[in-house]
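Just below is one structure, and these are the notes that go with it.
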Amino acid sequence: MSDSEVDEAAVQTNVPEDADVEMTEAEAQDSAAEEAAKHTPRGIPLRVEDLRKEFGGITAVDGASFQVEEGTLTGLIGPNGAGKSTTFNCITGVLKPTSGAVYFEGEEITGLEPHTVANRGLVRTFQIARELEEMTVLENMMLAPRGQRGESLWRSVLPFVRDSVVDQEGEVLERCWETLDFFEIDHLAHEYAGTLSGGQRKLLELARALLTDPEMLLLDEPFAGVNPSLEARLLEHIHELREQGYTFLIVEHDMDLIMQNCEHVIVMHQGQVLMEGRPEEVRNDERVIEAYLGGEVE
Amino acid sequence: MSVAERLPEPLAALWENDVTKITSLLAVIYAVYLLTGAALGFSPRGQINSIASLTFYIAVFALLALALNLHWGYTGLFNIGIVGFMAIGIYTMAIVSKAPVFAAETGRSGGFGMPIIVGIIAGTVVAALLGLVVALPALRLRADYLAIVTIAMSEILRFVFLSGDLEQFTVAGYVVGLGGGSGLILDFTPPVEAFFTALGLWNAYLGFVDVVGAVVPNNPKPVVDSLVYGFLLLFVVAGYYVLLRRVGNSPFGRVLKAIREDEEATNSLGKDTDAFKTKAFMVGCGLMGLGGVLWFMAQGAITPNTYRPRLTFFVWIALIIGGAGSNTGSVMGGAIFAAVLFQGPRYLKNLIENFVEVDAPSGFGPAVSPLISNLDPLPFLFYTIDSIRQLQLVIMGLILIYLMHNRPQGLLGHRKEPASGVPLDRPRRPAGEGEGRPPAAADGGSRGETDE
């Protein structure tokens, strides 16, 4: 995978104008439009090797291999049943893969518990937003930060020691309010998460995932059930965060959305990686069109 | 709907305070009981007795409901083996603190003769450890499996206590045992005496008993003892309340609530949910064990068949009345359950019998036949009043069904105590500061609200 696939300018303007221009890394650095690249040193945080997952006799993921470059917005697309969500679940530890390996930042994370994976900095959101309904938006947010002293029972309970917990709670609270402001959902802070609309839930989930200080975010269909205006806001936030250096892998089956926003696209079909490349390469690829149309157009 | 909305402003603010809620509820309950006692023409001794047992049951049900709230209200753990943890607590305490016996003799086993406080701590710790044993296989499974494991555990324990093989055995020369079907005599120093002796106030206490003797002639000590024990338990309730509030209003409690809402999502945010569940379960079980010790240690003797699952369900009803998820609600639920459902029917019966000559028929047949033959409902009514103790469980069941249909969120309504160590208000208004887009935020706000 060459560095040229990371094209900040294209992403910012949503127009992949220089898609066919082969750029070296040096050229990219020189480009005025590559301002954001300074914050996104190159690397491969996530690597999936020959991942396979079988449920009984059904093979949901059949030897998928791909990698995600640091600081990119990578899309994972494919028709229904292509194995996207299963791949996601295998990466994040919700499911144990039958075989294959997942590496995050050079270390193998195959089969680790979800909380261990999350604590390494690889945090996911869910296809159906999983906010904690009977907790307020603010409580949802305050749950997320890592390394909270008060998560230890005795520190929360014992006098004197509790003071340090309360101090840290103040800091956490402040961060949460800042994040709420950033996502422009501060007016919902005291609402119960269960009363939010679909789109607001997705915003909350992204905000909450962000508060865990992740290195990389895996978003499972972040735009499903989100109305267009909120979708635009969500995208804006994702681009903004990517410019700050976060890496994103987004599962989505809305092709257009991925094509317009991602700089690298991985297409899955029948449990395998059908192809990957820049959006316009993917868009014009016969195999992809076939896969989406049902594979019978020979 | 809420009480606060119907009250004038200053009173409403006062009502918002949790301690006010609890004390006013207790005040109402006590007033009703004292008035009923007066109507029944109770002697001072009778009044003290009725208040003592009322206080006792309010306290024990509040304790157990608080502990269950940590399991169910906070963490969503469906524990229906409460009575098992209570039983292991009191049995451990009994064996640790009973007077030692060194010569094996049928029907008489002793303990290790340790001070009562050691027994209480041992009972609590052993209950918590039993919680760990139950948690290890069951917590990883879904909620209903935990329910099956806990209720089975409580019944297994009861049969162990009943077992003849464990009735008596010798450990390092001490003859101890579970006592089998006849149970154990709790022959250690009565807890009230032990408590005041430890404080060096035993003589002062005896002086106080003498003073009470002025109103309660003939041996006032037992009634004063039970009243004082009840009030001591109320202090323990306050201790549980403070402890569990601290647990709830902390990052730890926040993770517990999150587990209740969605364990998988919580796990995906980097929280080791199994560890949190195990800790919360053990703490709750320890508190249940302590609750069992405090309930039964002043009663002179314990027998295994006291610890049937229905005690578990009493605690559940108390929690549901108060509203799971709220510590204040748990205390109020415990108080209401004890006063209205547990002690209430008997009082009602006494009250009615005091004013009406209840001529109850001897069985169900004679009670119903006049109703059918000449539409005379009185014998049936009298029969019902006479059997109110037995009908108690039916009444509880009906009330439970009513609550689940009409007010599943409990007395205090959908009340969730914020899981945070600090007030959740915005630390300072960022008026026109930072981010640089308050107008956009306002814009986004209205958009956000209307996009439903």
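Of the residues in region A:212-254, those shielded by at least 30 Å² of accessible area once partner protein chains are present, compared with the chain alone at a 1.4 Å probe, are A:N227, A:S229, A:R233.
Across region B:292-428, the mean sequence separation of Cα contacts (distance under 8 Å, 6 or more residues apart), normalised by length, yields a relative contact order of 28 percent.
Only protein heavy atoms count here; under a 1.4 Å probe, B:D425 has an accessible surface of about 100 Å². Relative to the longest principal axis of the Cα atoms of chain B, the long axis of helix B:251-261 lies at roughly 90 degrees.
Give, as a single signed number, the net charge of other residues whose beta carbon lies under 14 Å from the beta carbon of B:L162, with Lys and Arg counted +1 and Asp and Glu -1. List each step's numbers first, then the result.
Working: positive: B:R158, B:R308; negative: B:E155, B:D165, B:E167.
Charge balance in the 14 Å sphere: -1.
Residues whose amide H falls under 5 Å from that of A:T98, counting only those 5 or more places apart or on a different chain, are A:R52, A:K53, A:E54, with hydrogens built in the peptide plane.
Taking 24 Å as the limit for the C-alpha separation, the pairs B:K21/B:K279; B:K98/B:K279; A:K202/B:K279; A:K96/B:K279; A:K84/B:K279; A:K96/B:K277 exceed it in the case of B:K21/B:K279; B:K98/B:K279; A:K202/B:K279; A:K96/B:K279; A:K84/B:K279. Pairing chain B with chain A buries about 4700 Å² of accessible area. This figure sums both sides and uses a 1.4 Å probe.
Only protein atoms count toward the accessible area here, which uses a 1.4 Å probe; on region A:134-195, the carbon and sulfur part of that area reaches 55 percent. What the pair-distance distribution of chain B shows, using all Cα-Cα distances binned every 10 Å from zero, is 4, 17, 25, 25, 17, 8, 4, 1, 0 percent.
Taken over the alpha carbons of region A:134-195 as equal point scatterers, the Debye sum produces base-10 log I(q)/I(0) values at 0.17, 0.30 Å⁻¹ of -0.62, -1.17. Peptides A:263-275, B:148-160 ordered by packing proxy, namely the average of other Cβ atoms within 10 Å per residue, highest first: A:263-275, B:148-160.
Take every residue in peptide A:156-166, count the Cβ atoms of other chains within 10 Å of its Cβ, and give the average of those counts.
Working: counts 10, 9, 1, 1, 0, 0, 3, 1, 0, 6, 5.
Partner-chain Cβ atoms within 10 Å, mean over residues of A:156-166: 3.
In terms of the mean number of neighbouring beta-carbon atoms within 10 Å, the peptides B:374-385, A:85-96 order highest first as A:85-96, B:374-385. Across region A:134-195, the relative contact order, built from alpha-carbon pairs under 8 Å that are at least six residues apart, equals 56 percent. Residue-normalised convex hull volume from the C-alpha trace of region A:145-298: 150 Å³ per residue. Quick one: go through region B:306-320 and flag any residue whose amide nitrogen is under 17 Å from the point 7 Å out along the Cα-to-Cβ line of B:I401. Once the point is set 7 Å along Cα→Cβ of B:I401, B:317 turn out to lie under 17 Å by backbone N, inside region B:306-320. Considering the protein assembly as shown at the alpha-carbon level, its Rg and Dmax are found to be 32.6, 106 Å.
Could you tally the net charge around A:G150, taking each other residue with its Cβ under 9 Å from the Cβ of A:G150, Lys/Arg +1 and Asp/Glu -1? The partial results should precede the final answer.
Working: positive: A:R149, A:R155, A:R162, B:R254; negative: A:E151, A:E169.
Result for the local shell: +2.
Where the accessible area of chain B is counted over protein heavy atoms with a 1.4 Å probe, how much of it, in %, is carbon and sulfur? Present the calculation step by step, with values, prior to reporting the outcome.
Values: 13520 of 20420 Å².
Carbon-and-sulfur percentage of accessible area, whole number: 66.
More than 16 angstrom separation, counting every C-alpha pair in region B:186-275; what % is that? Tail of the P(r) past 16 Å holds 69 percent of the pairs.
At what distance in angstrom do the alpha carbon centres of region B:21-43 and region A:45-59 lie from each other? The distance from the Cα centre of region B:21-43 to that of region A:45-59 comes to 68 Å.
Taking beta carbons within 10 Å but only from partner chains, what does the mean come to for residues A:195-208? Kindly include the intermediate steps, with their values, before the conclusion.
On the way: counts 1, 2, 5, 2, 4, 4, 0, 0, 2, 0, 1, 0, 0, 2.
Counting Cβ atoms of other protein chains within 10 Å of each residue's Cβ and averaging gives 2.
The label point for B:L132 and the one for A:E215, both projected 7 Å from the Cα toward the Cβ, are 3.5 nm apart. Look at the alpha carbon pairs under 8 Å that are at least 6 residues apart: their mean separation over the length of region A:94-231 gives a relative contact order of 36 percent. Remark on A:M268: its backbone amide H falls under 5 Å from those of A:I77, A:G78, A:L274, a criterion applied only to residues 5 or more positions apart or on other chains, H modelled at 1.01 Å from N.
Rolling a 1.4 Å probe over the heavy atoms of the protein chains gives the protein assembly as shown an accessible area of 43 Å² per residue. Once the Cβ-Cβ distance of A:S99 and A:Q127 is raised to the sixth power relative to R0 = 30 Å, the FRET efficiency obtained is 0.75.
Out of every Cα-Cα pair that region B:217-320 contains, those further apart than 24 angstrom amount to 44 percent. Ranked by the mean number of other Cβ atoms within 10 Å of their residues, highest first, the peptides B:108-115, B:50-57 come out as B:50-57, B:108-115. Charge tally for A:D62 (other residues, Cβ to Cβ under 12 Å; Lys, Arg +1; Asp, Glu -1): 0.
Shown are B:S43, A:S152, whose ranking by accessible area with a 1.4 Å probe and every protein chain present, most to least, is B:S43, A:S152.
The values are calculated or read from the model by the stated rules, or taken from the named source; none is laboratory data. As the structure is a prediction and not an experimental result, all values here were calculated from the model. Backbone-built Cβ (ideal geometry, glycine too); neighbour counts: all protein chains shown. Surface areas here come from the heavy atoms of the whole protein model, side chains and all, with no ligands, DNA or RNA. Shrake-Rupley method; radii C 1.70, N 1.55, O 1.52, S 1.80 Å.
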